[in-house]
Each structure stands twice: as structure tokens, then as C-alpha cells.
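I have placed the structure first, in the form of C-alpha cells, so that the comments after it can refer back to it.
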Amino acid sequence: MTLEDAPEFFSLRSNPEAMKHICKPLQTSLKEAENMILKMDAMIDSNNGINWGICFKDEPAFIGTVSFHRVDKEHYRAEIGYMLKPVHWKKGIISEAVAAIIDHGFDKMKLHSIEAQIDPTNTGSEKTLQKFNFVKEAYYKENYFFDGVFLDTVVYSLLSPCK
Ligand SMILES: CC(C)(COP(=O)(O)OP(=O)(O)OC[C@H]1O[C@@H](n2cnc3c(N)ncnc32)[C@H](O)[C@@H]1OP(=O)(O)O)[C@@H](O)C(=O)NCCC(=O)NCCS
């Protein structure tokens, strides 16, 4: 992603429908979106995470993100994340992006496992993970405090096929 993506990134991160299960404050200014993109760039430089912008092959406009964050180098593990503009949901776009970064994670980054943390009511995300054979490993009760409420978290993970 580049700073040119900031306006579209802002429209995604300020959209209550898209942010419903992300459990982070909605962005309120373009500046916040720009700062987050710069922070993501710094994560690439320090090998702590990678955030890719998603677009159509013939159209450069940003429509979503897919990422590895919280890269735990010592244990060859990283957390996957993804989000897409609601107008493009249920067209298989995140499946295509997730397939690509799972390959990248195991093949290029040499990860041993990929973790996903989701809101238990996020059916779309859960279905996506199950489609890629992620296994449900934990259900944490009220471990995440957001907006005055303690929320539950489900943890899924996928092990590398390379032994
Ligand atoms: C979750 C999200 C990324 C899914 O993206 P998407 O491009 O619509 O996903 P896909 O079209 O590739 O669908 C993947 C699978 O999940 C299923 N699915 C997607 N959304 C669904 C929903 N709301 N309810 C039930 N199943 C759903 C699809 O049917 C598909 O399974 P199939 O191929 O067996 O039919 C998208 O809804 C989103 O951006 N949500 C908001 C952000 C978010 O919650 N991110 C995840 C945080 S953990």
C-alpha cells in the first residue's frame, strides 16, 4: 500500500459495517489512515508484519487489505488479517487473497503456523478460515476490552504442510 491508497483505506476503516467485527475505533480523519499506512511500512522494514492492498488486476483502486501482523519470528508464527469493502463481499476475493498469502507465509516467510483471532460472531471470517482448513484451537472468554465491554475471542490456526 502507498499513501495514494489513503482515501480508499480511510473509507474502509471508517465504515461501520466493515469495522463491525474488527473491534477497533473507526478512523475519523484521512490523516489517521495515512499514519496507519506509514506504520505498516515501518512494520515491513522491521520484518514485523506485511500489509498488502487488494485491487482488481485491471483497476489499481484499493478495495481491501490482507496482512500478516504480530510476526513471531522466534516461533515461526504470524497472525493473518483481512478486510474488504462491503460492496465486494461474497465474490471470492478474500479467498483468492488468503490463498496467495498462505503460500507466501509458508513458502517464502518459512512460517510454521498461521494464527487467526476472530470475533465469535464473525461468520464470514470463520467460514473463510474453515475453507482453508484452519482449526479452531481456543475460545477466550472476555479477554478483549473494547468500547466499555469485555469481548470473547476465537483462535484458529493452520500448520505448515512442510515438515
Ligand atoms: C470476512 C470477509 C473478509 C470475507 O470476505 P469475502 O471476500 O466476502 O469472502 P469470500 O467471498 O472469499 O468467502 C469466503 C467463504 O466464506 C463464506 N462467507 C463469506 N461471508 C459470509 C457470511 N457473511 N456469512 C456466511 N458465509 C460467508 C463464503 O461463502 C465463502 O465460502 P465458500 O467459498 O465455501 O462459499 C469480509 O466479509 C469482510 O471484509 N468483513 C469485514 C472485516 C472483517 O471482519 N475481517 C476479518 C476480521 S478477523
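Read-outs throughout are calculated quantities, based only on the coordinates presented, and are distinct from any laboratory measurement. Everything numeric in this text was worked out from a predicted model, so none of it was measured. Cβ placement follows ideal geometry from the backbone for every residue including glycine, while neighbour counts extend to all protein chains displayed.
In table form, for the structure just shown:
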| quantity | calculated |
| --- | --- |
| Some residue of segment 24-39 being within 16 Å of the ligand (Cβ to nearest atom) and touching a strand residue (DSSP E or B) at 6+ places or on another chain (Cβ under 6 Å) | no |
| All positions within segment 9-24 that are surrounded by 12 or more Cβ atoms within 10 Å (Cβ to Cβ) and within 21 Å of residue 150 (Cα to Cα) | 18, 19, 20, 21, 22, 23 |
| Condition met for residue 125 (hydroxyl-bearing (Ser, Thr, Tyr) and out of contact with any strand residue (DSSP E or B) (no Cβ under 6 Å at 6 or more places or on another chain)) | no |
| Tabulated pairs, segment 81-102, first under 23 Å from residue 155 (Cα atoms), second more than 6 Å from the ligand (Cβ to nearest atom) and part of a helix (DSSP H, G or I), C-beta under 7 angstrom, 6+ apart or interchain | 82/97; 82/98; 83/12 |
| Residues of segment 76-114 classified as aromatic (Phe, Trp, Tyr) and more than 20 Å from residue 135 (Cβ to Cβ), total | 1 |
| Residue ID - farthest from the ligand (Cβ to nearest atom), chosen from residues in segment 110-153 that are under 16 Å from the mean Cα position of the chain (by Cα) and of a type in the set (Val, Ile, Thr) | 114 |
| Test result for residue 91, more than 16 Å from the ligand (Cβ to nearest atom) and loosely packed, with under 11 Cβ neighbours inside 10 Å | no |
| Unique match (being free of Cβ contacts under 8 Å to residues at least 24 places away in the same chain and surrounded by 15 or more Cβ atoms within 10 Å (Cβ to Cβ)) among 35, 48 | 48 |
| Boolean, residue 85 is more than 17 Å from residue 100 (Cβ to Cβ) and either away from the ligand (no atom under 15 Å from the Cβ) or surrounded by 14 or more Cβ atoms within 10 Å (Cβ to Cβ) (or both) | yes |
| Residues (buried (at least 20 other Cβ atoms within 10 Å of the Cβ) and among the β-branched types (Val, Ile, Thr)) located in segment 53-70 | 54, 65, 66 |
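Yes or no, residue by residue, for (1) touching a Phe, Trp or Tyr at 6+ places or on another chain (Cβ under 7 Å); (2) of a type in the set (S, T, N, Q):
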residue: 97; (1), (2): yes, no
residue: 103; (1), (2): no, no
residue: 110; (1), (2): yes, no
residue: 133; (1), (2): no, yes
residue: 138; (1), (2): no, no
residue: 145; (1), (2): no, no
residue: 157; (1), (2): yes, yes
residue: 162; (1), (2): yes, no
